[in-house]
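Participant: Encoded as structure tokens, here's the structure I'll be asking about.
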Amino acid sequence: MTLKNIMLAGAAAIALTGAAAAGTPTGFYLDFGAGGNWVGDYETAPSFDYDTGFVLNGSAGYKLDMGLRIELETAWRSNDYTRTITGAAAVQRAGTTTSLSEMVNVLYDFDLGPGYALSLGAGIGGARIGTEDDAINGLDGRDYVFAYQGIVEFEAMVSDDVGVFAGYNYFVADGFEIPTGGLTQFKDDYDAHSAYVGVRFHFLEEAPVVEQPPPPPPPVAAKTFIVFFNFDKSDLTPEAQAVIAEAAAAYKSTGSVSISVIGHTDTVGSAAYNQPLSERRAASVKSGLVANGVPGDTISTSGKGFSEPLVPTGPGVKEPQNRRATIDLSGSAM
């Protein structure tokens, strides 16, 4: 894949920002990666034959709700080489070429389902290219030049805030010059193909504080209880645990009843992402009821995603009252 094709693909991805992009979390993130690096050989005299090297990279970025990611990336690349000097007799010298780059990248994440995303993007910045070999008056110096790259990545979430990713980029640093020990300068373009894997840490945003708190739970005598959740979370807050304890007490006081727990979400993200989130919320409430002495075989659970909001809203609205699970007590045995 040429850089031109990668850049065009990245531009096409950015143009499609109307697509859903709920595969991975929005907000700030940090990541670290490592992998292999391959530098294009230099064929004219003196020729360079590069060995397979390595790349270490790290990024700090932010993902917007629309799926765009903007990040600052630093990468270190290193490759050993064999340099052939032609003359009366060919002479070979060994050395190392390194690249330390600082890039600004823009990527677009395509949602592949809950917790999965394919990213296409590009970046520009600068790179310090350095060479050092074992020849007397050989290549030994550094030059800082303009650099650009194309990027393809795939990420899979392994928890609510940690993802693993695999990526490829084509990196070019234009026209670096290294002194050869005399008055001459060695000039070349540094172009490298990198394949890497890494870990990305997402800093999940807390739900905004609302001026009016959620409505109080119904009294114990009521048949329906409502448990509220934080944004993009399925764990129980202290307030939620108190409501579950009241529901368990109502179950015990009414005799033989069945319990139905239904999970719901707000309208942020895709239906494919929110459906399993609503099911996890229902499962968390069931676990809380069991912990309070309710037999598990009397409790049924299901999830509605964002299809039945308590407060009707448009798409992409972080409505706290829609992030809930209802506990319904029935008078008939299941």
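Participant: Can you tell me which residue is nearest to D297 (Cα to Cα) among those in segment 241-270 that are outside any loop (DSSP other than H, G, I, E, B) and touching a Phe, Trp or Tyr at 6+ places or on another chain (Cβ under 7 Å)?
Facilitator: Within segment 241-270, the match that is nearest to D297 (Cα to Cα) is I259.
Participant: Considering every residue within segment 309-325, establish whether at least one is part of a helix (DSSP H, G or I), surrounded by 14 or more Cβ atoms within 10 Å (Cβ to Cβ) and hydrophobic (A, V, I, L, M, F, W, C).
Facilitator: No, segment 309-325 contains no residue that is part of a helix (DSSP H, G or I), surrounded by 14 or more Cβ atoms within 10 Å (Cβ to Cβ) and hydrophobic (A, V, I, L, M, F, W, C).
Participant: Here's a follow-up. State all residues of segment 237-277 that are surrounded by 20 or more Cβ atoms within 10 Å (Cβ to Cβ), more than 22 Å from the chain's Cα centre (by Cα) and of a type in the set (S, T, Y); if no residue qualifies, say none.
Facilitator: Y251
Participant: Moving on to the next point. So if I check each of M1, M7, which one is in a loop (DSSP other than H, G, I, E, B), modelled with pLDDT under 95 and closer than 15 Å to F171 by Cα?
Facilitator: M1
Participant: Would you be able to say whether some residue in segment 279-292 is assigned to a loop (DSSP other than H, G, I, E, B) and either at pLDDT 90 or above or over 30 Å from T24 (Cα atoms) (or both)? First the steps, then the outcome.
Facilitator: First pass over segment 279-292, keeping only residues assigned to a loop (DSSP other than H, G, I, E, B): 292.
Narrowing further to those that are either at pLDDT 90 or above or over 30 Å from T24 (Cα atoms) (or both): 292.
Yes, because at least one residue in segment 279-292 is assigned to a loop (DSSP other than H, G, I, E, B) and either at pLDDT 90 or above or over 30 Å from T24 (Cα atoms) (or both).
Participant: Kindly provide the set of residues from segment 104-124 that are buried (at least 16 other Cβ atoms within 10 Å of the Cβ) and under 15 Å from A192 (Cα atoms), ordered by number.
Facilitator: Residues satisfying the conditions are A122, G123.
Participant: In contact with a Pro (Cβ under 8 Å, 6 or more places away or on another chain) and more than 19 Å from Y196 (Cα to Cα): does that describe R83?
Facilitator: On the way: in contact with a Pro (Cβ under 8 Å, 6 or more places away or on another chain): yes; more than 19 Å from Y196 (Cα to Cα): yes.
So R83 passes the test.
Participant: In this structure, does G305 turn out to be within 24 Å of P213 (Cβ to Cβ) and either in contact with a Pro (Cβ under 7 Å, 6 or more places away or on another chain) or outside any helix (DSSP H, G or I) (or both)?
Facilitator: For G305, the condition - within 24 Å of P213 (Cβ to Cβ) and either in contact with a Pro (Cβ under 7 Å, 6 or more places away or on another chain) or outside any helix (DSSP H, G or I) (or both) - is not met.
Participant: Out of all the residues in segment 207-221, which are modelled with pLDDT under 70 and either among the hydroxyl-bearing types (S, T, Y) or surrounded by 11 or more Cβ atoms within 10 Å (Cβ to Cβ) (or both)? Lay out the reasoning, then the answer.
Facilitator: Here is the first cut: in segment 207-221, the ones modelled with pLDDT under 70 are 207-210, 216-221.
Once the filter is applied, which keeps residues that are modelled with pLDDT under 70 and either among the hydroxyl-bearing types (S, T, Y) or surrounded by 11 or more Cβ atoms within 10 Å (Cβ to Cβ) (or both), segment 207-221 yields A207, V210, P217, P218, V220.
Participant: Restricting to segment 69-118, what's the tally of residues that are without any contact (Cβ under 8 Å) to a residue 24 or more places away in the chain and not aliphatic (A, V, I, L, M)?
Facilitator: 2
Participant: Quick one: in segment 35-57, which of the residues that are under 26 Å from the mean Cα position of the chain (by Cα) and surrounded by fewer than 16 Cβ atoms within 10 Å (Cβ to Cβ) is nearest to D134 (Cα to Cα)?
Facilitator: Within segment 35-57, the match that is nearest to D134 (Cα to Cα) is F54.
The values are calculated or read from the model by the stated rules, or taken from the named source; none is laboratory data. Not measured: the values here are computed from a predicted model. Neighbour counts run over all protein chains shown; Cβ positions are idealised from the backbone, glycine included.
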